[in-house]
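A short worksheet on the structure shown next.
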Amino acid sequence: MKQDTDTPGPMFEVSGLTKIYRTGEVEVRALNGVDLKLEAGEMAVLLGPSGSGKSTLLNIIGGLDRPTAGSVKFRGQELADANDRELTAYRRNHVGFVFQFYNLIPSLTAWENVALITEVSANPMTPDDALALVGLESRMHHFPAQLSGGEQQRVAIARAIAKRPEVLLCDEPTGALDSATGIIVLEALARANEETGATTAIITHNAGIRKIAHRVFSFLDGRIAACDINPVRVKPSEVSW
Amino acid sequence: MNALSMLDRKLVRDLVRLWAQSLAVALVMACGVMTLILALGATRALEDTRAAFYDRTRFGHVFATAIRAPESLGTKIAAIDGVAAVATRIVHPVIIDIDGMAEPATGQLISIPDHGEAAVNRLYLRSGRLPEPGRPDEVTVIEAFAEAHGFRSGDSFAALINGRKRQLRITGVTLSPEHVYAIGPGDIVPDQKRYGVVHMRRTTLDGAYDMQSAFNSVSLTLSRHANKKQVMARLDAILKPYGGVAAHDRSDHPSDAFLDAELVQLKAMAQVIPPIFLFISAFLVNMILSRLIALEREQIGLLKAVGYSNSGIAWHYAKLTLVISVAGVIIGAVAGTRLGHGMASLYSEFFSFPFLVFSQRPDLYVIATLVTFAAALAGAANAIRGAVRLPPAVAMRPPAPTRYRSLFGGADSGFRPLFSHLTVMALRHLVRWPVRTALTTLGTALPVALLITSLFAFDSIDSMIDTVWFRADRQDATLTFAASQSEDAIRSVAHLPGVIAAEPFRAEAATLRHGHLSRQVQIIGTDPHTDISRVLDRDFRPVRLPPNGLLLSERLASHLDLRPGDAVEVELRNGQERRVLVPLVGVTNSYIGLNANMSRGALDRLSGQAARISGARVIIDDNRTEDLYDAVKQTPAIASVALQGVSREKFRAMIEENIGISVTVYVSLAIIITVGVIYNSARIQLSERARELASLRVFGFTNGEVSRVLLTELGVMVVLAQPLGWLIGRGFSELVATGFESDLFRIPLVITPPTYALSSLVVLGAALVSALIVRRRIDRLDLIRVLKTRD
Ligand SMILES: Nc1ncnc2c1ncn2[C@@H]1O[C@H](COP(=O)(O)OP(=O)(O)O)[C@@H](O)[C@H]1O
Ligand SMILES: [Mg+2]
């Protein structure tokens, strides 16, 4: 999948997106006709109760899953009918992921976890720069088991942004962290969004975090119930948890 | 009770989920059970049958020969303290001429008493009847010979008896304890067609060989508490004046010695092969159970928290182990029993017993079951202990994250051009669990070793054939005279039709003594410059026989504790009772028998008699073999003929027949072990690293790249296993070769590169297939699920 970076228009254009999970007789509508556009460089927060479909949407946008119906366009390219190989290449070249449980490789040091990705990227920053961006210069050669949860999550962010992705997708990045650590992680994310210009989507069920976004999408029962624009964004450090 | 059945339901579900891994382990166990049942069952079958047959036929304990001993000595021998029964008889080599068979067969004529049955070495009559005393043309023949020629009672054949061609009529077919394994003189493998044992009434043989009131062979049974050594010494003393050659016991009786060699081999098999399988199954059980318990850590904590006892939990996992073991035992027992019957019928082709039943006594199966359970539980013990020791509160927390370390003090990441990060991941994982890595490597090395140990025999036999038949005994035939002849006889031999070249030899029975050690051997005297039959030194180079002194084969020299330069006392058993000190001038290489060689001149001088020759080794013109065979059949002076050329072919054919069976069996066993080890380790790796590998997929690594992590790790172990397997295989082979070594024969330890290569290829192939089966699971990794959960 080749893109022309200068193409104007939204980064993502999602329309009528539906995802149905079938387990035996039971049918779960995880997404029920979602429409949404994400602009280049914007920071979006996805809010909503557990089970409302946020992760499902993020996984489809991130090329980890395919919708049952509807369309997802990344810079005009349809992801819904891409095959496994194309989705793998899409994730490799364009998407950075951050997850609740960090998903670091335990047998690689912080630096190596980042380098693992930069090694196979076209235009990466150096692992040192990426780690500096999240404030972890001094812990580069530690293994995950030697780092705190917040530090591990910042390594995960450094790893996600090091390849300069167009998209940064974060599923409950602070979910496993206390508030002070959560703020440090959010700061790292905000900074990454600013410095790399990656379109950033953050899932959270902490309503306080909404204020750091350009736009906030509220999910309910597989639909987007509301979309709010923040007239003024606040810094993560000013977020009340 | 209800609660227990819940655990049992979990057990069933675990087994269903782990069916492939459990089956792989059960199959490895089954191989252990099968080989154990086979080896023990066959050992017993042979031992029991042999004991029963020997007992029934009163197989002699002690055997001796003389040239011509008066019959009255029989009473004297019977009076020796410890002797239970004595049979004196006449035994003569004979050349047999069979219609339609060009080659002359050789045989033995053995007398049976005129009336009744022999007191020692009775015949077992398979069919027909014994010869009537008054009918000199009536004989019985041993079953192997009869079957090879399709003989029945009433058929007849010709034999050259004491220079006269006589037509003999078969009245019965027999088995004899002395010929359970009937092998002709000078042969390495039995050739049923060319070796016949013929029994005749005593009076008939007395007449034929002019031995009225005399015997030349005696065998006796001993009473329970007899002192065998003393009996043999007394017997020697009695027979000595009559050209007695020293007495020997059963262990020097060729038939019994070959049976013993087979038993030694079976026992070695029972000691080496089943333990390999049991060790590997113990290791695999340990690996599977440890992983299962690690995965179920929190469930175990919960069970304990709600009041399940430690023993209940231990029993739960022990049951899982036992269920797998039961499957292994059943498969192994069925396979072992079936193969056992096959093996018994194979044995009955080689060994002539009236019956040979594969032992199926229940204790055999009980032993196999207990041993397998013990091995499996030993493997499980460590893992179960871990589960029992977990305090409930700790168990319910997730385990501490695995701590990894840089290799070589961090240098591993410095080799980035050499090792990608994916490779570093694989290597650090290997080093993180060094014991498991070592055991997996060993588990993969053992099938390589097993294959080498089974295949090396063919290399060794090849090398032995080359040495024996192409470097040492290059003659096509060996003709042995009925009585020694003057040197001129060699010219008559050379003039026989078809003979291209002939070399004379003189053979003298002798006792060699050094200090308190002594041995009975045949000293072979040949011309120093022989070219057909040569003596080889330890580097397989032909030796030019020195004008004086004795050469002994390595094993014989070591029996007598002799080194070159030592003097050995030689007493020829020609009735002269002269003891002469002869220097040992060299040690020779030999694979068959215990050899003593001298130059013919030296042996003539030693004998104190004129130059005599005992026979000749000849090279035959391929186009005129039949003429020679005819001539031999007509020549009374030739008592026996060994056809090395025919032996060579027969031997090759037998090896080729065996190689197919053994390669199939051992390759199958090796594949089962390899699949068991590699499949299980790949599954466990995948289970431990599913999250890591799925993460890599999420970040955009392809299935191929992700698989590399798994395959690299397995690959390193499998590759390391090869040289280790070669080393262990060499060690095992050495044990086997040493175990085989007897005074009858030994095999050299030769392992050719193709054997190493084939062993490795089989294991590498099986490992690759197992790894690829597991690799397919990487394609099916659920990317989303691993992101949602912690480990
Ligand atoms: N693999 C799956 N199989 C079946 N149902 C699923 C699966 N993944 C998610 N769901 C269901 O889809 C709905 C939306 O899930 P999800 O997107 O994870 O919610 P959220 O992230 O907003 O908490 C939930 O009801 C969930 O149970
Ligand atoms: Mg979610």
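Results for (1) closer than 17 Å to B:SER463 by Cβ; (2) out of contact with any helix residue (DSSP H, G or I) (no Cβ under 8 Å at 6 or more places or on another chain); (3) surrounded by 21 or more Cβ atoms within 10 Å (Cβ to Cβ), shown as yes or no for each residue.
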site: B:GLU705; (1), (2), (3): no, no, no
site: B:LEU735; (1), (2), (3): no, no, no
site: B:PRO748; (1), (2), (3): yes, no, no
site: B:THR755; (1), (2), (3): yes, no, yes
site: B:LEU761; (1), (2), (3): no, yes, no
site: B:VAL769; (1), (2), (3): no, no, no
site: B:ARG776; (1), (2), (3): no, yes, no
In this structure, is A:ARG92 within 12 Å of chain B (Cβ to nearest Cβ), under 17 Å from A:LEU168 (Cα atoms) and not small (Gly, Ala, Ser)?
yes
From the set of residues in the range A:45-70 that are open to solvent by 40 Å² or more (accessible area, probe 1.4 Å) and within 16 Å of ligand 2 (Cβ to nearest atom), which is farthest from A:ILE20 (Cα to Cα)?
A:PRO49
Quick one: is A:GLY135 modelled with pLDDT of 95 or more, outside any helix (DSSP H, G or I) and more than 17 Å from A:THR204 (Cα to Cα)?
no
Restricting attention to the range B:712-730, does a residue exist that is open to solvent by 30 Å² or more (accessible area, probe 1.4 Å), more than 16 Å from ligand 1 (Cβ to nearest atom) and within 28 Å of A:ALA122 (Cα to Cα)?
yes
Strands (runs of 3 or more DSSP E) lying entirely in the range B:563-611 (those with 2 or more residues that are open to solvent by 20 Å² or more (accessible area, probe 1.4 Å))
B:567-572, B:579-589
Of (1) open to solvent by 50 Å² or more (accessible area, probe 1.4 Å); (2) within 30 Å of B:TYR404 (Cβ to Cβ), A:ALA176 fails just (1)
For B:ALA757, work out the one condition from (1) part of a helix (DSSP H, G or I); (2) farther than 19 Å from B:PRO447 by Cβ it doesn't fulfil.
(2)
Filter the range A:97-132 for residues that are assigned to a helix (DSSP H, G or I), open to solvent by 40 Å² or more (accessible area, probe 1.4 Å) and either facing chain B (nearest Cβ under 8 Å) or within 21 Å of A:PRO173 (Cβ to Cβ) (or both) and give the result.
A:ASP129
Within the range B:675-703, the count of residues that are among the hydroxyl-bearing types (Ser, Thr, Tyr) and open to solvent by 20 Å² or more (accessible area, probe 1.4 Å) comes to 3
Which members of the range A:79-89 meet the condition of being at the interface with chain B (Cβ under 9 Å from one of its Cβ atoms) and touching a Ser or Thr at 6+ places or on another chain (Cβ under 7 Å)?
A:THR88
Looking at the range B:241-260, which of its residues are open to solvent by 50 Å² or more (accessible area, probe 1.4 Å) and either in a helix (DSSP H, G or I) or in contact with a Pro (Cβ under 7 Å, 6 or more places away or on another chain) (or both)?
B:PRO241, B:TYR242, B:ARG250, B:SER251, B:ASP252, B:PRO254, B:ASP260
Complete set of residues in the range B:145-181 that are small (Gly, Ala, Ser) and either open to solvent by less than 20 Å² (accessible area, probe 1.4 Å) or modelled with pLDDT of 95 or more (or both)
B:ALA146, B:ALA158, B:ALA159, B:GLY172, B:SER176
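Identify, from the list B:LEU772, B:LEU711, B:LEU749, B:LEU781, the residue that is of a type in the set (A, V, I, L, M, F, W, C), closer than 19 Å to B:LEU422 by Cβ and not in a helix (DSSP H, G or I).
Numbers: B:LEU772 fails: not in a helix (DSSP H, G or I); B:LEU711 fails: not in a helix (DSSP H, G or I); B:LEU749 fails: closer than 19 Å to B:LEU422 by Cβ.
Result: B:LEU781 is the single residue among B:LEU772, B:LEU711, B:LEU749, B:LEU781 that is of a type in the set (A, V, I, L, M, F, W, C), closer than 19 Å to B:LEU422 by Cβ and not in a helix (DSSP H, G or I).
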I need the full set of residues from the range B:360-386 which are of a type in the set (D, E, K, R) and part of a helix (DSSP H, G or I), in order please.
B:ASP363, B:ARG385
When the residues of the range A:11-39 are filtered to those that are open to solvent by 80 Å² or more (accessible area, probe 1.4 Å) and farther than 18 Å from A:ARG215 by Cα, which remaining residue is nearest to ligand 1 (Cβ to nearest atom)?
A:TYR21
Which of (1) at pLDDT below 90; (2) away from ligand 1 (no atom under 16 Å from the Cβ) does A:GLU166 not meet, given it meets every other one?
(1)
Considering each of A:GLU42, A:GLU86 in turn, give the residue that is of a type in the set (D, E, K, R) and either open to solvent by less than 40 Å² (accessible area, probe 1.4 Å) or within 16 Å of ligand 1 (Cβ to nearest atom) (or both).
A:GLU42
Hey, can you tell me all the residues within the range B:88-105 that are within 16 Å of B:PRO636 (Cα to Cα) and open to solvent by less than 10 Å² (accessible area, probe 1.4 Å)?
B:VAL94, B:ILE95, B:ILE96, B:PRO104, B:ALA105
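Here is a yes/no grid of residues against (1) buried (at least 21 other Cβ atoms within 10 Å of the Cβ); (2) over 30 Å from B:PHE63 (Cβ atoms); (3) under 31 Å from the mean Cα position of the chain (by Cα):
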position	(1), (2), (3)
B:PRO274	yes, yes, yes
B:LEU292	no, yes, no
B:ARG297	no, yes, no
B:TYR317	yes, yes, no
B:ALA335	no, yes, yes
If you go through the range B:29-41 one residue at a time, do you hit one that is without any contact (Cβ under 8 Å) to a residue 12 or more places away in the chain and open to solvent by 10 Å² or more (accessible area, probe 1.4 Å)?
no
Taking A:GLN146 as the residue in question, decide whether it is buried (at least 21 other Cβ atoms within 10 Å of the Cβ), polar (S, T, N, Q) and more than 16 Å from ligand 1 (Cβ to nearest atom).
no
Looking at the range B:338-382, which of the residues that are hydroxyl-bearing (Ser, Thr, Tyr) and crowded, with 18+ Cβ neighbours inside 10 Å is farthest from B:ALA314 (Cα to Cα)?
B:SER352
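The values are calculated or read from the model by the stated rules, or taken from the named source; none is laboratory data. What you see is a predicted model; the values in this text were computed from it and never measured. Methodologically, a virtual Cβ is constructed for each residue, glycine included, from the backbone with ideal geometry; neighbour enumeration extends over all protein chains shown. Each accessible area value is taken on the protein alone, full model and side chains, heavy atoms only, with ligands, DNA and RNA left out. Shrake-Rupley method; radii C 1.70, N 1.55, O 1.52, S 1.80 Å.
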